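A.B. asks: The structure's right below; bear with me while I get my questions together.
Please treat every number below as a calculation from the coordinates, not as lab data. Since the structure is predicted, the reported quantities are computational estimates derived from the model, not experimental observations. Cβ placement follows ideal geometry from the backbone for every residue including glycine, while neighbour counts extend to all protein chains displayed.
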Amino acid sequence: MQDLTADMFDEVCPSSLQPIRMKDKWAPLVLSCLRDRPRRFSELRVPLRRTSAKELTRSLRNLQHDGFVRRAAANRTVTYELTDLGRGLLDVLTAVYAWSDQHWAELLDAQDADSDT
């Protein structure tokens with residue numbers, strides 16, 4: 001068993017370049033919405049109605065900054081589409097969604113047990 005050390009997470013550790021900002025809960029959902037084709041902001045607002053326009057804008061900008069999404073403007077229409085890097089991440093997200101679906105009842109039970117304490 002490996003001991004925990006103060007330098008185990010170097011500044012340039014791959015974990016510092018996580019593909020999705022863990023604090024951005026909307027990013028995986030945005031990527032999923034862009035799976036089939038480019039979308040306008042207003043189209044993304046429909047399935048992501050629980051987020052504010054400000055939060056969605058922030059997620060899209062972060063995804064752009066990290067290279068997962070491309071913003072395209074043509075004839076006064078702005079669309080967002082996945083880059084090859086973003087498309088490659090969809091396989092990972094699909095696996096996480098499948099795992100979550102398989103363990104849904106256990107996850108809910110764990111959350112319920114935690115809220116009882």
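A.B. asks: Just the projected area, averaged over all directions, of the convex hull on the alpha carbon atoms of the range 33-83: how many nm²?
C.D. replies: Taking the Cα atoms of the range 33-83, their convex hull projects to 3.5 nm² on average.
A.B. asks: Kirkwood Rh over Cα pairs of the range 14-116 into Stokes-Einstein at 10 °C, 1.306 mPa s: D in µm²/s?
C.D. replies: 106 µm²/s
A.B. asks: Taking R0 as 22 Å, what FRET efficiency do you get between Leu90 and Ala113 from their Cβ-Cβ distance, rounded to the nearest 0.05?
C.D. replies: Efficiency at R0 = 22 Å is approximately 0.10.
A.B. asks: Same structure again: Go through 39-49, 56-66 and give me the packing order, highest mean Cβ count within 10 Å leading.
C.D. replies: The peptides rank, most packed first, as 56-66, 39-49.
A.B. asks: Follow-up question, since we're still on this one. Multiplying the sequence separation of Glu81 and Lys25 by 0.36 nm and subtracting their Cα-Cα distance, what value in nm do you get?
C.D. replies: Contour length minus Cα-Cα distance gives 18.3 nm.
A.B. asks: For Ala98 and Arg61, calculate 0.36 nm times their separation in residues minus their Cα-Cα distance, and state this gained length in nm to one decimal.
C.D. replies: Gain on extension, Ala98 to Arg61, equals 10.6 nm.
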